Each structure stands twice: as structure tokens, then as C-alpha cells.
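Below is one structure, written out as C-alpha cells; the observations come after it.
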Amino acid sequence: MTTFNDREKGFEKKFAHDAELKFKAESRRNKMLAEWAGAKLGKSGAEIEEYVKEVRRADLAEKGDDDVVRKVMADFSAKGVNVAEGEIRNAMSEFLAKAVTEIEATR
């Protein structure tokens, strides 16, 4: 029975570790996305830092990425910046891949 319990604990640890890495990668991706979008919106310095916080908060609204996409799309629309949803999603994918690579490099 000990082997089964050890194995179960190992799976639980791996699940928790993977969830933590996913959270870190998505948070880093959102930072990169906010910096990219903020630049397109004409933000700089402290405005970008505040925008990063706004985008990260938006990601907590619901499960998945749609809440972040909606927030960035709404901000672009409000400022008259013409960026397609597909471009935002592509940027998110690229930034996520970059974030994962950066996190793995520090491990």
C-alpha cells in the first residue's frame, strides 16, 4: 500500500508543480501582451506598468483567455487602434511560448 500512496503523492506534487508553472507562464505572457498592446495604445513608463496590472486582473475574470482578449480588444477599440482578434491571439501564443522558454531556462 505504501507504493500506491507514494505514487499518489508524487502525482499530486507534479500536478501542483505543473499548475504553478502554468500560472507563472500565463502571468508572464500577460505582461508581455500588455507591454505590446500598451505600446500600440501609445502608453509608456508608469502607464505601461499600470496597464500590465489591468490586463493581469482581467485574466482573473473567468477561466481561459477570452477575458484577456476582450479587454485588449475593447482598449484598442476605445482608442481607435485597428488590431484584429487573430493578431492578439497570435501574439498571446508567441508570448506564451517565450514565457515558457524563459521559465524553463531559470530552472
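The values are calculated or read from the model by the stated rules, or taken from the named source; none is laboratory data. Computed from a predicted structure; not experimentally measured. Ideal geometry is used to build each Cβ from the backbone, glycine not excepted, and the neighbour counts take in all protein chains shown. Surface areas here come from the heavy atoms of the whole protein model, side chains and all, with no ligands, DNA or RNA. Shrake-Rupley method; radii C 1.70, N 1.55, O 1.52, S 1.80 Å.
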Which lysines does Lys40 reach when only Cα atoms under 28 Å apart count, and residues fewer than 8 places away in its own chain are ignored?
-> Lys22, Lys24, Lys31, Lys53, Lys63, Lys71, Lys79, Lys98
Computed accessible area, Thr101, all protein chains, 1.4 angstrom probe, square angstrom | 90 Å²
Here the relative contact order (percent) of the chain, from C-alpha pairs under 8 Å and at least 6 apart, is 31 percent
For region 12-100, radius of gyration divided by Kirkwood radius, i.e. Rg to Rh on alpha-carbons = 1.00
Pulled fully out, how much extra length does the chain show between Ala19 and Ala46, if you take 0.36 nm times their separation in residues and subtract their Cα-Cα distance?
-> 6.7 nm
Grab the Cα-Cα distance for Asn90 and Ala39, subtract it from 0.36 nm times how many residues apart they are, and report the gain in nm with one decimal.
-> 16.7 nm
Considering only protein heavy atoms and a 1.4 Å probe, what is the carbon-and-sulfur percentage of the accessible area of region 1-100?
-> 54 percent
Mind giving me the nanometre distance, one decimal, between the label points for Lys79 and Ala97, set 7 Å out from Cα along Cα→Cβ?
-> 2.6 nm
Rg/Rh of region 64-107 (Cα atoms, Kirkwood Rh), to two decimals, equals 1.12
Gap separating the Cα centres of region 60-107 and region 6-54, nearest whole Å = 10 Å
Per residue, accessible area of region 38-107 with a 1.4 Å probe, heavy atoms of protein chains only, in Å², comes to 63 Å²
Hydrophobic long helices for the chain, i.e. whole DSSP H runs reaching 27 angstrom or more by Cα along the axis with Kyte-Doolittle mean at least -1.0, come out as 85-105
